[in-house]
Amino acid sequence: MTSLEPAVRRAASAEPAWLGFLADTATIADAELRKVFRDPVEILTRAVQPILWLLVFGQVLASTRAIPTGNVPYLDFLAPGVLAQSALFSSIFYGIAVIWERDLGVVHKLLVSPAPRVALVLGKAIAGGIRGLAQAVLVYLVSLLIGIHLRLDPISIIGVAGAIFLGAALFSTFSLVIACLVRSRERFMGIGQLMTMPLFFASSAVYPVALMPDWLKVVATVNPLTYMVDAIRSQMVIGGTSEHGVGVDALVMAAGLVILLAIAGRLYPRLAQ
């Protein structure tokens, strides 16, 4: 089934609009996921960096006891941040695939279909969220091997999976917005590399927000990665707590995702220009 078929069938039938929207979204998500799982090596290679953070950076800082993390050992504190980092780093460069699709003529074919633009973007966001979950499995396994005290009950695992999915979908959509604005692979890569580290270090991934200077606390407050880490930490490790509340974390990420979906849906046709 091609990405155009659901929209074409809907145009020729009395299928409800919402059902057609879901079909278009699911078809795009399926097409995107097929690309990922045809090349599982990509998932493995992208998981190397967060694993190194746990095995090298985390072990060194844990031994120095330089960062106070309360009753939670530093490695336990860091693991959720590294998990969020893996989703961020894979998602923030997700948009470059759209630029490749434009050069291959795929974007033009999608834009001439009756499928809503938001459905095209939402399908890619869902695929980005599932892609983040695939990498999370590897980080979880390494965390178990090095003795991090994980919460392994089903509710906690579902909570972590939900936070990863929402965060990865949000940053994937943000990446699509950047791709629609710059429309050049070189500029996109430069902007992506410029933004990853500020987003990572201006969050609670590596150290508590309480240790930050006042100006950085303000940045962390508006940084969606802070809320993603906060939600994961409260569900992932024994003794982990949420500073904002899991409900607030989920609401902030969901609101950010909806806003970015609306922006990306408006900007998506610019890729074909």
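Just so it is clear, none of the values below were taken in a lab; they were calculated from the coordinates. Because the structure is a prediction, the values reported are computed rather than measured. Because the Cβ atoms are built from the backbone with ideal geometry, glycine has one as well, and the counts that use them run over all protein chains shown.
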| Eligible lysines near Lys124 by straight Cα distance, threshold 30 Å, same-chain separation 8 or greater | Lys35, Lys109
| request: Mind giving me the nanometre distance, one decimal, between the label points for Val48 and Met197, set 7 Å out from Cα along Cα→Cβ? | output: 1.9 nm
| For the range 233-273, list residues with backbone N below 14 Å from a point placed 7 Å from the Cα of Ile67 toward its Cβ? | 233
| Kirkwood Rh, the range 92-182, all Cα pairs: how many Å? | 14.8 Å
| Which helices, taking whole DSSP H runs in the chain, have alpha carbons extending 30 angstrom or more along the helix axis plus mean Kyte-Doolittle at least -0.5? | 17-38, 117-145, 154-182, 246-267
| Most mobile of Phe201, Phe37, Phe89 per a Gaussian network model of the chain (Cα springs, under 10 Å)? | Phe37
| Roughly how big is the chain's charge dipole about its Cα centre, with Cβ charges of +1 (Lys, Arg) and -1 (Asp, Glu), in debye to the nearest 20? | 580 debye
| In deg cm²/dmol and to the nearest 500, what is the mean residue ellipticity at 222 nm of the chain if only DSSP H runs of at least 4 residues count, each as -39500 (n - 2.57), divided by the residue total? | -23500 deg cm²/dmol
| Volume per residue, Å³, of the convex hull around the alpha-carbon atoms of the range 5-272? | 132 Å³
| Among Val246, Val137, Val206, which one shows the biggest mean-square fluctuation in a GNM of the chain, springs joining Cα atoms closer than 10 Å? | Val137
| Which far-off residues, 5 or more places away or on another chain, put their amide H under 5 Å from the one on Val237, with H placed in the peptide plane? | Arg151
| field | Length added when fully stretched, Ile96-Val218, from 0.36 nm per residue minus Cα-Cα | value | 40.9 nm
| Dividing the Cα radius of gyration by the Kirkwood radius, what Rg/Rh value follows for the range 50-117? | 1.34
| Short version: what are the Cα gyration tensor semi-axes of the range 170-273, square root of 5 times each eigenvalue, largest first, in whole Å? | 29, 16, 11
